[in-house]
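Trainee: There's a structure below that I have some questions on.
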Amino acid sequence: GQHTLKLTREGLPPRVHALRFESPVAFPEGWKPAERKPKLDQMQVNCRRIFLPPNSVNVAALRLAIEDMSRDFGDRYPEGSRLLRQLAELEKRQRAVRGGTAKQQQEVEQALSAVRSRAMLAHPAWKFDKLLFVKQKGRKFSTYTGHLVKGDPGGNLCVLSPVSPGGEVTELVPELPGGVFGRFDLSFDATKVVFCHAKQDGLFRIYEIDIDPKTGRRVPGRGLRQLTFGGGRETETMEQFAGVFCGKGYDDIDPIYLPDGNSMFASTRSERSVLCFPATVTTLHLMDADGKNIRCISRGQVNEINPCVLGDGRVVYMRWE
């Protein structure tokens, strides 16, 4: 007959990883669990998205976001009232087509996505006309192999201007074709960009370029500068450990500018390896503005990545434990 299994929990919804059903008799042919959609209106707003289809709009969360921005920014967010009216109308349409055709439901979702885009792009912080970004193909990234899995080559450091679907994309480093671009950082005065790049099947190194903050383009006559190199100790290590995972050289990733003019980055120059996996470890390093005087500042034995400067000058970063 029919059996009902109900899982309940106070507060946040349970994170069920798997359910296993066993029976002393074989399940009937064609048996499958009945699908019941969760009652989203009974959940906290921030938890509803995990139960929605990919790319769908969390209407309740969007409404709260528009209300918050309208309250916080006032006249600087003039679209708030109109967007809330549009959202209410689309929510009614969404309920009306719930049992309708897939095309009707898709049309409503597309309209909701358009409202979400307009609502987010109307935020006062988006009032700029150039966006710096990295173009890259997909990479299989994990916390402790991100510097090793370079991914498919083909990408660049780019600027989008104006910041719109019809904006023009300009590649800033055409002299580095066919490699993989990693994380970058914009200097505090927006005149320089530091970034990591690996040539095809090569090692990540750190580079820097000068840009014009008004145009978002490379400064004419200013060349590309490579800040980190191999040689010396790296060559010795590669010869000593040739043929194994720690003999492939140093990877330098995730560079950032510091308030004193120097830079911080993560690197395998500390010559450490993961305790339970054949992979090198990245730890935090400092270097002068010109790439000189590189020194390791961490005693960590596991990967440290993604440093970021806080407003008070401290650095927050991720550490794989």
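The values are calculated or read from the model by the stated rules, or taken from the named source; none is laboratory data. Everything quoted here is computed from the prediction, not taken from an experiment. As a convention, Cβ positions derive from the backbone with ideal geometry for all residues, glycine included, and neighbour counts pool all protein chains shown. Ligands, DNA and RNA are stripped out before the accessible areas are found, and what is left, the full protein with its side chains, is counted by its heavy atoms. Shrake-Rupley method; radii C 1.70, N 1.55, O 1.52, S 1.80 Å.
Trainee: Report, in degrees rounded to the nearest 10, the 0 to 90 angle that the Cα long axis of helix 59-73 makes with the longest principal axis of the chain.
Mentor: 60
Trainee: Here is a follow-up. How much accessible surface does T191 have with a 1.4 Å probe, in Å² rounded to 10?
Mentor: Looks like 40 Å² after rounding.
Trainee: Which Cα, out of P177, L83, T283, lies furthest along the positive dipole direction of the chain (beta carbon charges, K/R +1, D/E -1)?
Mentor: L83
Trainee: Considering only Cα-Cα distances, which of the following residue pairs are longer than 31 Å: K32/K150; K137/K248; K130/K150; K130/K199?
Mentor: Checking Cα-Cα distances, K32/K150 exceed 31 Å.
Trainee: For region 34-82, which trypsin sites (Lys or Arg not before Pro) are in a loop by DSSP, counting at most 16 other Cβ atoms within 10 Å?
Mentor: When the trypsin sites (Lys or Arg not before Pro) of region 34-82 are filtered for loop state and at most 16 Cβ neighbours within 10 Å, R36, K39 remain.
Trainee: Of the listed values (i) 107, 42, 39; (ii) 72, 64, 37; (iii) 79, 52, 28, grab the one calculated as Cα extents along the principal axes in Å from the structure here.
Mentor: Read-out from the structure maps to (ii).
Trainee: Something else about it: Sticking with the crude label model, points 7 Å out along Cα→Cβ, report the distance from L258 to S113 in nm, one decimal please.
Mentor: 4.4
Trainee: Give the lysines reachable from K39 as a straight Cα distance under 24 Å; neighbours fewer than 8 places away on the same chain don't count.
Mentor: Candidates past the 8-residue exclusion: K6, K92, K103.
Trainee: Okay, next question. With r defined as the distance between the Cβ atoms of L19 and M43 and R0 fixed at 22 Å, what FRET efficiency is calculated, to the nearest 0.05?
Mentor: My answer for the efficiency is 0.65.
Trainee: A follow-up question, please. So which trypsin sites (Lys or Arg not before Pro) in region 215-321 pass both tests, a DSSP loop state and at most 15 other Cβ atoms within 10 Å of the Cβ?
Mentor: R217, R222, K292, R299, R314
Trainee: Let me ask something else about it. Distance between Cα centroids, region 158-173 to region 194-230: provide it in whole Å.
Mentor: Answer, in whole Å: 18.
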